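Enquirer: The following block contains the structure, expressed as structure tokens.
The values are calculated or read from the model by the stated rules, or taken from the named source; none is laboratory data. The structure displayed is predicted, hence computed values, not measured ones. Cβ atoms come from the backbone with ideal geometry, glycine included; neighbour counts cover every protein chain shown. Just the protein is used for accessible areas: all its heavy atoms, side chains included, with ligands, DNA and RNA removed. Shrake-Rupley method; radii C 1.70, N 1.55, O 1.52, S 1.80 Å.
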Amino acid sequence: MVTLKGENIYLRALEPEDLDFIYIIENDEQIWEMSSTQTPYSRFLIKQYLEHSHKDIYEVKQLRLVICSNDHAALGLIDLFDYNPAHNRAGIGILIAENENRGRGYGAEALRLIIDYGFTHLNLHQLYANISEDNKTSVKLFENQGFNKTGVKKDWNFVKNTYKDEFLYQLIYVR
């Protein structure tokens with residue numbers, strides 16, 4: 001699909017072979033804060049998830065894609081979640097897995113691809129992202145792609161004995 005192919009990366013559906021990659025990501029306690037995860041995932045649960053990942057976005061209200069380099073290495077994940085076709089909106093989340101792959105433009109390119117896909121193929125009117133106040137990299141990434149900060153959820157997340165605000169960013173497509 002041309003929509004999901006960029007200059008340096010492409011986005012693809014999940015495959016059974018992604019089990020180890022997703023297992024590592026989902027069990028990385030450093031990123032649990034971003035996904036509100038509190039407990040580890042077993043290989044069994046991730047395998048079950050992968051077995052059902054082929055289901056349609058209209059049924060499960062989520063689409064998770066793997067961000068891959070042109071040499072087919074898995075770099076990260078990008079998700080559309082809380083898909084609401086009645087209101088033409090979805091949440092968006094992104095993660096570049098390895099530190100050495102961050103800051104190289106892969107996230108920006110993946111975000112541009114999924115924005116285009118959402119507005120073109122899913123007929124979305126808006127995308128939104130929830131970003132922790134101290135995640136400066138994500139704030140910059142989303143602002144550079146045209147997202148606007150439209151709200152602050154005060155003391156939204158309790159992390160390491162302190163409350164953190166969470167920002168709401170939106171990108172509204174005007175036809």
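Enquirer: Given only helices, namely DSSP H runs of n ≥ 4 each adding -39500 (n - 2.57), what is the per-residue ellipticity at 222 nm of the chain, to the nearest 500 deg cm²/dmol? Walk me through the numbers before you get to the answer.
Expert: Working: 6 runs with 49 residues, N = 175.
Roughly -7500 deg cm²/dmol at 222 nm, from the helical runs in the chain.
Enquirer: Here is a follow-up. Would you please report the Å³ per residue occupied by the convex hull of the alpha carbon atoms in the range 6-144? Show your work: numbers first, answer last.
Expert: Values: hull volume 16.4 nm³, N = 139.
Each residue corresponds to 118 Å³ of Cα convex hull volume.
Enquirer: Then there's this: Skip the ligands, DNA and RNA, and give the accessible area per residue of the range 1-125 with a 1.4 Å probe, whole Å².
Expert: Each residue of the range 1-125 exposes 57 Å² on average to a 1.4 Å probe.
Enquirer: Charges at C-beta only: +1 for Lys and Arg, -1 for Asp and Glu. How large is the resulting dipole of the chain about its Cα centre, in Debye rounded to 20?
Expert: 580 debye
Enquirer: Which value, in debye to the nearest 20, gives the size of the charge dipole of the range 43-142 about its Cα centre, when Lys and Arg are +1 and Asp and Glu are -1 at the Cβ?
Expert: That gives a dipole near 60 debye.
Enquirer: Kindly rank 5-11, 151-157, 91-97 from highest to lowest mean number of other beta carbons found within 10 Å of each residue.
Expert: Ranking the peptides 5-11, 151-157, 91-97 by packing returns 91-97, 5-11, 151-157.
Enquirer: What are the lysines whose alpha-carbon lies under 21 Å from the alpha-carbon of LYS140, with same-chain residues fewer than 8 places away excluded?
Expert: LYS149, LYS153, LYS154, LYS164
Enquirer: Give me the lysines in straight-line cross-link reach of LYS47: C-alpha distance below 19 Å, same-chain residues under 8 apart excluded.
Expert: List returned: LYS55.
Enquirer: Using a 1.4 angstrom probe on heavy atoms only, work out the carbon and sulfur share of the accessible area of the range 1-140 in %.
Expert: 50 percent
Enquirer: Given a cut-off of under 8 Å on Cα pairs at least six residues apart, what relative contact order in percent is computed for the chain?
Expert: Computed value for the chain: 18 percent relative contact order.
Enquirer: Checking the a/c ratio against 1.5 first, then a/b against b/c, what shape does the Cα gyration tensor give for the range 135-175? Don't skip to the end; give the middle numbers.
Expert: Numbers: a/c = 4.61, a/b = 2.06, b/c = 2.24.
Note, shape of the range 135-175 comes out oblate.
Enquirer: Gaussian network model of the chain, Cα springs within a sub-10 Å range: biggest mean-square fluctuation belongs to which of GLN126, GLN145, GLN38?
Expert: GLN38
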